[in-house]
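Q: Pasting a structure below so you can have a look.
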Amino acid sequence: MNPFVRLFLLLAALLAGGCASLSPQQRDRAQGIAIAARSTVVDCDRPDRCALDSPLRALGGQAITESAPGLPRHYATIVDEGELALVARLNLIRSATRSIDLQTYIFDTDDSARLVIDELLAAARRGVKVRVLIDQLSAISDVQMLAALSGAHANFELRVYNPAFGKAKLNYLDYAGSVLCCFRRFNQRMHNKLLVIDDVLGVVGGRNYQDDYYDWDNEYNFRDRDVIVAGPEAREMAANFESFWVAQRSVPAERLNDVGRALLKQGVPAMPQANFRHPERIERVGEEATDPAFIDEAFVQTALPVRSVAYVADLPRKHRREDDDPDDGQHVTEPRLDALIASARTEVLLQTPYLVLSKPAQQLFRDLRKREAAPRVVVSTNSLAATDNPIVYALSYKYKRRNLRELGFNIYEYKPFPLDAPVNYPGLLPEPVDVESVPSGRNRVIGGSAAGSNVRGSGSGRRNTPGGSDVEREVLRTETRPSFLSRRAANRPLPVTRSGARMGLHAKSLVVDRRIGVIGTHNFDPRSENYNTEGAVIIEDAAFAEQLARSIERDIAPDNSWVVAPREKAPVFSGLNYSIGKASEALPVLDFWPWRYATIYEFKPGPDCPRPLPRQDPGFRACYTAIGDFPEVDVGPKWLLVRMLTAFGAGLVPIL
């Protein structure tokens, strides 16, 4: 078909879709239907709204009581393990006495997400004011559920941020149309993740509301991190949430075209019945969330009294028109984090799942590198086998020479089957390896990464993958975008060579000089800088920074990560190879030079190699073995995709 004809038909379809929009009067009627249906019955008449007596909630009250004007008191708890992060959220929701504000990028309808929804509704029914703000692109798109939630209770409100084409559920024409009519606005997403309880406790980190953030997915789970902050800074979190809540782009769910149309047609439907795939884990986390001794041990005894705490987050005005003044307070998170990195004297520990740097970020690290006593820069990121987004990895692969040689990075790539990850899958998954071969104290469930395995494992995109884990459902994961002509994920984890539930890094953290620690949502990439709104907690406290540094160092230990280092120089033409490779890397297209500057190494301990070494150590190659560019990836057509994107994908950097 002629491309102009196809374009005409596409525009016609988009116009037809636009004609299906509700009128302002219809939206008002739909909203009226939802509001009228909301129950005003409150199950509790106690002043505390029958809140759960929680040691964690009490810690928030303690921090407020101990604070004085100009002398705030805070406690901070790092939460590394996924299921514990869910337990903490359930406990905090159950212990709320006044208000719950929840802001997130992804909100699924799977086991963990439905459990949270039910707990939020229960809190609303006992008298707590509950507000939920979700981004449109990757959050709830079930129109029946959104319609049900819009009329569930007078104490429960749900809004959708930046709903493209004024609706919750997009189709392939919407994605295609976004390229033609409104590419920038379509990509301006609210990536913040925040939970604020009674304005005294806040949870910030990388976790969304989906099973794979809580170690509940049989195929693939994220190694992520949250921080629970108790104290006055929770009020700043609440204020930032309020800015998003009242923003013009935050639309009540009942005023969306498809949700409103459902309300006009049938009124407020009943909530879809919960159909938990694993009821036993729902019962387990429910019991743990109600057990004060468990909560005290897991989150209160591990809390650190910390000094300076700041919640730094972008505001909706970051999504103003492109020609607005960029210095008019639009960018908040990025400048603060850049300033922290620039202040480093001895060391920067950076953890990001997607190592694609903007030009300003590159210059920032080049300036660090030029110092007479340049700080050491350690970067923890994903390998191709671990990442949920192979397209982004292809771009980090393209620029490994620059990142190592020009920016001085020490890069560690996360393994898909780490031996010592902070994860617990009690009784859920099958043992993928012989447990006798796994040293005591290691993660026996997810096995361990090793080169040379030939079992086709999880992530192939097929159900019941031979030799691998069961794929219970197709999941649109994390920052992955659907393709322009499909509602399905354009990216997904690649097939790997081992079986079992693998992991991918999703934590976004920073430690500067072991004195400042940062946990948040910022990926340190162009998308976070230019398109998404982001948020982070910055804590200037040596004990907290050291604890966060140890957590990152655990992730980069040989059990959990490989090392990226230069290849051994060829006996002849090594200089010519380097020059051609550098020139090819600079090309926006046709970067086909196959002999890359760097590759991946595995640590081989022994009598002469008792401990890991930095890549700059003269004895590095005596203790490390090169294992190829893409270890543990089940090489096939997708390998060619990585090579092609390396050659042609540089133009995608601003939106990846």
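Q: Only one residue in 312, 356, 377, 285 is touching a residue at least 60 places away in the same chain (Cβ under 8 Å), in a strand (DSSP E or B) and either on the phi > 0 side of the Ramachandran plot or surrounded by 13 or more Cβ atoms within 10 Å (Cβ to Cβ) (or both). Which one?
A: Working: 356 fails: in a strand (DSSP E or B); 377 fails: touching a residue at least 60 places away in the same chain (Cβ under 8 Å); 285 fails: in a strand (DSSP E or B).
312 is the lone residue from the list that is touching a residue at least 60 places away in the same chain (Cβ under 8 Å), in a strand (DSSP E or B) and either on the phi > 0 side of the Ramachandran plot or surrounded by 13 or more Cβ atoms within 10 Å (Cβ to Cβ) (or both).
Q: Condition first: surrounded by 21 or more Cβ atoms within 10 Å (Cβ to Cβ), aliphatic (A, V, I, L, M) and not in a loop (DSSP other than H, G, I, E, B). Now tell me which residues in the range 255-272 satisfy that.
A: 259, 262, 263
Q: Pull up the range 43-63, narrow it to residues that are over 20 Å from residue 288 (Cα atoms) and in the same structural domain as residue 92 (by TED's automatic domain parsing), then point me to the one that is surrounded by the fewest Cβ atoms within 10 Å (Cβ to Cβ). Steps first, please.
A: The first filter runs over the range 43-63 and keeps only residues over 20 Å from residue 288 (Cα atoms), leaving 43-49, 61-63.
Next, from what is left, pick out any that are in the same structural domain as residue 92 (by TED's automatic domain parsing): 61-63.
Numbers: 61: 14, 62: 17, 63: 25.
Restricting to residues being over 20 Å from residue 288 (Cα atoms) and in the same structural domain as residue 92 (by TED's automatic domain parsing), the top hit is 61.
Q: Moving on to the next point. Counting only residues that are surrounded by fewer than 24 Cβ atoms within 10 Å (Cβ to Cβ) and out of contact with any strand residue (DSSP E or B) (no Cβ under 6 Å at 6 or more places or on another chain), which one in the range 220-243 is nearest to residue 59 (Cα to Cα)?
A: Across the range 220-243, the extreme among qualifying residues is 232.
Q: In the set 192, 240, 221, which member is in contact with a helix residue (DSSP H, G or I) (Cβ under 6 Å, 6 or more places away or on another chain) and either assigned to a helix (DSSP H, G or I) or not hydroxyl-bearing (Ser, Thr, Tyr) (or both)? Give the steps one after another, and end with the answer.
A: Details: 192 fails: in contact with a helix residue (DSSP H, G or I) (Cβ under 6 Å, 6 or more places away or on another chain); 240 fails: in contact with a helix residue (DSSP H, G or I) (Cβ under 6 Å, 6 or more places away or on another chain).
Residue meeting the stated conditions: 221.
Q: Is the range 131-139 home to any residue that is in the same structural domain as residue 257 (by TED's automatic domain parsing), part of a loop (DSSP other than H, G, I, E, B) and under 17 Å from residue 213 (Cβ atoms)?
A: Within the range 131-139, the subset in the same structural domain as residue 257 (by TED's automatic domain parsing) is 131-139.
Now drop any that are not part of a loop (DSSP other than H, G, I, E, B), which leaves 139.
Those left that are additionally under 17 Å from residue 213 (Cβ atoms): 139.
For the range 131-139, residues in the same structural domain as residue 257 (by TED's automatic domain parsing), part of a loop (DSSP other than H, G, I, E, B) and under 17 Å from residue 213 (Cβ atoms): present.
Q: Here's another thing I want to ask about it. In this structure, is residue 275 without any contact (Cβ under 8 Å) to a residue 12 or more places away in the chain and not in a helix (DSSP H, G or I)? Spell out how you get there, then give the answer.
A: Working: without any contact (Cβ under 8 Å) to a residue 12 or more places away in the chain: yes; not in a helix (DSSP H, G or I): yes.
Yes.
Q: How many residues are of a type in the set (Asp, Glu) and within 20 Å of residue 344 (Cα to Cα) if we restrict to the range 514-535? Break it down stepwise before answering.
A: Keep residues of the range 514-535 that are of a type in the set (Asp, Glu), which gives 525, 529, 534.
Those still in the list that are within 20 Å of residue 344 (Cα to Cα) too: 525.
Total satisfying the criteria: 1.
The values are calculated or read from the model by the stated rules, or taken from the named source; none is laboratory data. Remember, it's a predicted structure, so these values are computed and weren't measured experimentally. So basically every Cβ, Gly included, is an ideal-geometry build from the backbone, and we count neighbours across all protein chains shown.
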